[in-house]
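Remarks on the structure that follows.
The values are calculated or read from the model by the stated rules, or taken from the named source; none is laboratory data. All values reported here derive from a predicted model rather than from experimental measurement. Counting neighbours? That spans all protein chains shown, and the Cβs are built from the backbone with ideal geometry, glycine included.
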Amino acid sequence: MEKKLSILLYVLMGLSVVLSIFLFSADIDVEGTDPDRGGMPVELILDFCYILVGIAVAAAIIFPAVKMAQDVKSAKSSLMSFAGLLVIFGVSYALASSEVLKSYEEYVTDEAVVKRVGAAINAFYVLAVGTIGATIYSEVSSYMK
């Protein structure tokens, strides 16, 4: 199974390289094809990119779920980490303001968008400070030992 997966990954990587070469070597017009040089349609390359993204998303969901089902102890710590992220996002959303500033009224359609953006910014700040703090703690604790 592992050998087949490795072969599949190399085939997908090779196909990606070939399509990238076609994309960057063609002189593409507005419709997305190169009629003079017989270029490849951009839609085909985009469809292939969508397929690759779908494979990546499926792998990112399926493989951890299988691993969690096989090892319950690691599943508990993973679920606790996920619950911590949910708490951070929940608190960030609760603290976010939904006020639309006058300078942004022409860009923003409603207050829900402003609240979600504010929540994302708050979550970023909390996670960035947590990451920096964990890095400093790790370095200081390893220095003390």
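In table form, for the structure just shown:
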{"read-out": "Sole residue being among the small types (Gly, Ala, Ser) and at pLDDT 85 or above, chosen from Ala112, Ala75, Ala65", "value": "Ala112"}
{"read-out": "Filter result for Thr131 (out of contact with any helix residue (DSSP H, G or I) (no Cβ under 8 Å at 6 or more places or on another chain) and in a loop (DSSP other than H, G, I, E, B))", "value": "no"}
{"read-out": "Qualifying residue in the range 97-104 (condition: modelled with pLDDT of 90 or more and surrounded by 13 or more Cβ atoms within 10 Å (Cβ to Cβ))", "value": "no"}
{"read-out": "All positions within the range 44-75 that are surrounded by fewer than 11 Cβ atoms within 10 Å (Cβ to Cβ) and either basic (Lys, Arg) or touching a Gly at 6+ places or on another chain (Cβ under 7 Å) (or both)", "value": "Lys73"}
{"read-out": "Cβ pairs under 8 Å, 6+ apart, first in the range 120-145 and assigned by TED's automatic domain parsing to the domain that holds Leu85, second surrounded by 11 or more Cβ atoms within 10 Å (Cβ to Cβ) and not in a helix (DSSP H, G or I)", "value": "Ile121/Ala96; Asn122/Ala96"}
{"read-out": "Some residue of the range 127-141 being of a type in the set (Phe, Trp, Tyr) and exposed (fewer than 11 other Cβ atoms within 10 Å of the Cβ)", "value": "yes"}
{"read-out": "Condition check for Ser78: among the hydroxyl-bearing types (Ser, Thr, Tyr), in a helix (DSSP H, G or I), exposed (fewer than 11 other Cβ atoms within 10 Å of the Cβ) and in the same structural domain as Tyr125 (by TED's automatic domain parsing)", "value": "no"}
